[in-house]
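Take a look at the structure below.
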Amino acid sequence: MKYSRIAGTGSYLPKKVVTNEELAQKVDTTDEWIVSRTGISSRHVSSPEETSSYMGYHAGLHALEAAGLSANDLDMIIVATTTPDKGLPNTACLLQERLGITNIPAFDITVACAGFVYALSVADQYIRGGMMKTILVVGVDVLTAVTNWDDRSTCVLFGDGAGAIILQADDKPGILSTHLHADGRQKDSLYIPTWLPGQRKEEELSYIHMDGREVFRFAVKALGQVVEEALAANHMSQTDIDWFIPHQANLRIITALAEKLKLSLDKVVITVDRHANTSAASVPLALDEAVRDGRIQRGQTLLLEAIGGGFVWGAALIIY
Ligand code: ACO
């Protein structure tokens, strides 16, 4: 078995939906401003029970069901999250316990909004290397728990959710390639101060801090480059892409990239209008939506990309 392929997808969205109009009653903003600058109309917001392990568990169950597998078939669990339930144990362990299984490796990776693409890449290497056959890969975040609801420049941007895939060994591709990058010099453009109470400066709150214009500028440039890198590595061009599944941070970033790629928006999966930016969940949530509504079909070529605080970014080319 030379390759890994997506055997099933799943997702979970919190029950509570918050519209732009509701936000406009709390901070000085309008539906018109939010829609025109971001493309976002509403977002799902977690209850205290809807933690990362809870949402990841439900997304994982749906992915297992879609793959026709049970939790006992898993060899490994990887959870991409920046908002773990606890400092320890890691979220993948808590998810494993919810699944009622033991004795398989379970770990988190913290790569902000790029977490799912990074986790997919790690899982792909384990399967290609022959060490594992079936891996649950989850992207999940509850960014609304680290959102300052009094800051109109950030609180309109984020939502919560989870997306999951089952990656399985196969003779045919599968994941064609993954491409990962990071640039720690940009650490001040998008960050959450330390979680550790003993290390926190008195005046610092553990909320997302963001230089929106810098994030926007860097995202369009870096994502454009990594997408070209992925296509070149596979001797493909834009015309080979059936579906572009970008990180869902801002419709303007997505549109700028689609234009750069000369891709019609009909070929782009867009959920940012209803989900806002769900960080590590954004790409697998969009993937699952388009698989379940029948847009994405077996054998089609998918291009995934994401970028997050670090900056960290990456892309993946996949035959579904
Ligand atoms: N409602 C009304 N006005 C607002 C709001 C709001 N919610 N937020 C900011 N403004 C005001 C600002 O105060 C500013 O007013 P001023 O000119 O009087 O100072 C004005 O709108 C313009 O602000 P800008 O920050 O210049 O607005 P911009 O057009 O850059 O849009 C935005 C801001 C939407 C954040 C944009 O920069 C962006 O999308 N950047 C990318 C950031 C992103 O996607 N972050 C998500 C996390 S990172 C990731 O996932 C990659």
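The values are calculated or read from the model by the stated rules, or taken from the named source; none is laboratory data. For clarity, every value in this text was computed on a predicted model and none was experimentally measured. Please note: Cβ atoms are built from the backbone with ideal geometry, for glycine as well, and neighbour counts cover all protein chains shown.
Here are a few things to note about the model shown:
- Tally, over the range 163-191, of residues that are buried (at least 19 other Cβ atoms within 10 Å of the Cβ), outside any strand (DSSP E or B) and either within 13 Å of the ligand (Cβ to nearest atom) or over 21 Å from the mean Cα position of the chain (by Cα) (or both): 1
- Some residue of the range 4-21 being part of a strand (DSSP E or B) and either modelled with pLDDT under 95 or within 16 Å of the ligand (Cβ to nearest atom) (or both): yes
- Search result, residues across the range 259-282 that are part of a helix (DSSP H, G or I) and buried (at least 20 other Cβ atoms within 10 Å of the Cβ): Val272, His275, Ser279, Ala280, Ala281, Ser282
- No other residue among Leu285, Leu223, Leu302 is under 19 Å from the mean Cα position of the chain (by Cα) and in a strand (DSSP E or B) apart from Leu302.
- Residue selected from the range 233-257 under the condition within 16 Å of the ligand (Cβ to nearest atom) and in a helix (DSSP H, G or I), by the criterion surrounded by the most Cβ atoms within 10 Å (Cβ to Cβ): Ile254
- Filter result for Ala145 (more than 16 Å from the ligand (Cβ to nearest atom) and either more than 23 Å from Ile254 (Cα to Cα) or in contact (Cβ under 8 Å) with a residue 12 or more places away in the chain (or both)): no
- Residue within the range 32-43 that is hydroxyl-bearing (Ser, Thr, Tyr) and in contact with a Pro (Cβ under 9 Å, 6 or more places away or on another chain) present: no
- Condition broken by Glu228, with the remaining ones in (1) in a strand (DSSP E or B); (2) away from the ligand (no atom under 16 Å from the Cβ) satisfied: (1)
For every residue, the table says whether it meets (1) under 30 Å from Phe216 (Cβ atoms); (2) in contact with a helix residue (DSSP H, G or I) (Cβ under 8 Å, 6 or more places away or on another chain); (3) buried (at least 23 other Cβ atoms within 10 Å of the Cβ).
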| site | (1), (2), (3) |
| --- | --- |
| Ser42 | yes, yes, no |
| Ala59 | yes, yes, yes |
| Ala71 | no, yes, no |
| Lys86 | no, yes, no |
| Gln96 | no, no, yes |
| Phe116 | yes, yes, yes |
| Val122 | yes, no, no |
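- Taken over the range 29-63, the residue count meeting the criterion of being more than 16 Å from the ligand (Cβ to nearest atom) and either free of Cβ contacts under 8 Å to residues at least 12 places away in the same chain or not assigned by TED's automatic domain parsing to the domain that holds Leu136 (or both) is 2.
- In the range 227-256, residue farthest from the chain's Cα centre (by Cα) [restricted to those that are over 15 Å from Lys267 (Cβ atoms) and not hydrophobic (A, V, I, L, M, F, W, C)]: His235
- Scanning the range 273-320 for residues that are charged (D, E, K, R) and within 19 Å of Cys113 (Cα to Cα) returns Asp273, Arg274, Asp288, Glu289, Glu305.
- Any hit, the range 103-112, residues being in contact with a Lys or Arg (Cβ under 8 Å, 6 or more places away or on another chain), surrounded by fewer than 24 Cβ atoms within 10 Å (Cβ to Cβ) and assigned to a strand (DSSP E or B): no
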